[in-house]
1. Among (1) modelled with pLDDT of 80 or more; (2) not in a helix (DSSP H, G or I), where does Leu204 come up short?
2. Could you check how many residues of the range 73-89 are closer than 27 Å to Gly120 by Cα, touching a Leu at 6+ places or on another chain (Cβ under 8 Å) and surrounded by 15 or more Cβ atoms within 10 Å (Cβ to Cβ)?
3. List every residue pair whose Cβ atoms lie under 7 Å apart, where the two residues are 6 or more positions apart in sequence or sit on different chains, the first residue falls within the range 74-89 and is in contact (Cβ under 8 Å) with a residue 24 or more places away in the chain, and the second residue, located anywhere, is assigned to a loop (DSSP other than H, G, I, E, B) and of a type in the set (Val, Ile, Thr).
4. Would you confirm whether or not the range 18-28 contains a residue that is part of a loop (DSSP other than H, G, I, E, B), of a type in the set (Gly, Ala, Ser) and within 19 Å of Asn199 (Cα to Cα)?
5. Check off (1) modelled with pLDDT under 80; (2) surrounded by fewer than 11 Cβ atoms within 10 Å (Cβ to Cβ); (3) not β-branched (Val, Ile, Thr) for Leu157 and give me the number that stays unchecked.
6. Spot the failing condition for Phe152; the list is (1) touching a Gly at 6+ places or on another chain (Cβ under 8 Å); (2) surrounded by fewer than 13 Cβ atoms within 10 Å (Cβ to Cβ); (3) not basic (Lys, Arg), and only one is missed.
7. Taking Lys94, is it in contact with a strand residue (DSSP E or B) (Cβ under 7 Å, 6 or more places away or on another chain) and more than 30 Å from Lys137 (Cβ to Cβ)?
8. Can you report the number of residues in the range 128-140 which are within 17 Å of Phe201 (Cβ to Cβ) and either of a type in the set (Lys, Arg) or out of contact with any helix residue (DSSP H, G or I) (no Cβ under 7 Å at 6 or more places or on another chain) (or both)?
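The values are calculated or read from the model by the stated rules, or taken from the named source; none is laboratory data. Predicted model only: the values in this text are computed from it and were never measured. Reconstructed Cβ throughout: ideal geometry from the backbone, glycine too, with neighbour counts over all protein chains shown.
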Amino acid sequence: MSKLEEKKKQVIGLYGEMRLSMELHELGWQVHRAYIDEGIDFTITIYYCPKCKKYSNQWVRYAKYIKKVKCVTNLCEHCKETELQVISRYLQVKTSEGIATNKEDVRKFSFHPKIRYNMGKEVFYVWIAVFEGKYDKICHYYILNTKDVKKFDNINLPTYQITDNQKTELPIRNDGTVLKKGTAATGYDYSVFNKRFYNDFGALEIEIIKPEN
């Protein structure tokens, strides 16, 4: 890969992460970016009220001390009495523009996550396919927990996560539809990219809340 190609890859990677952070922020997540790339690109957090059983902002109360002042609390904005829990998610983000195919509206993408095994309910991949739009770039997001990798990749190979050739290749149409189909022989179901993973930001909100003592 030439220096120019490497630079373009870095730029499109940063662009995908910027667009993703904006989407997450609109959904109420706070986004924290890693300074050193060790496999996790973003840590995202959101507040949850165990009493109201829903996500919440911090309650802002006003008090008068000489003049009216604003005080940010650690309490739920709904019930105004329960301390908020901090829910965290850890994301590895991969962004690609793909390569051209013999169809104008289809490009071929290779996704190569650095961490592929089941890393627990808090660790997710966000794969971003970027297309040129009429006025701006179009981003399609495929969001999946690490446990779901086995649906489309063979994690039982003896070379798994040793060789850099372990990639998932997907032809994707410019509307975000993954065109690759699974086979009975492999048992893989690539339709999950359309049915389950596509723009599934709600998957990040799945949380098992422990009962209060």
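1. Against the list (1) modelled with pLDDT of 80 or more; (2) not in a helix (DSSP H, G or I), Leu204 comes up short only on (2).
2. 2
3. From residues that are in contact (Cβ under 8 Å) with a residue 24 or more places away in the chain, the pairs are Cys76/Thr82.
4. yes
5. (2)
6. (2) is the only condition that Phe152 fails.
7. Answer is no for this residue.
8. Residues meeting the conditions: 3.
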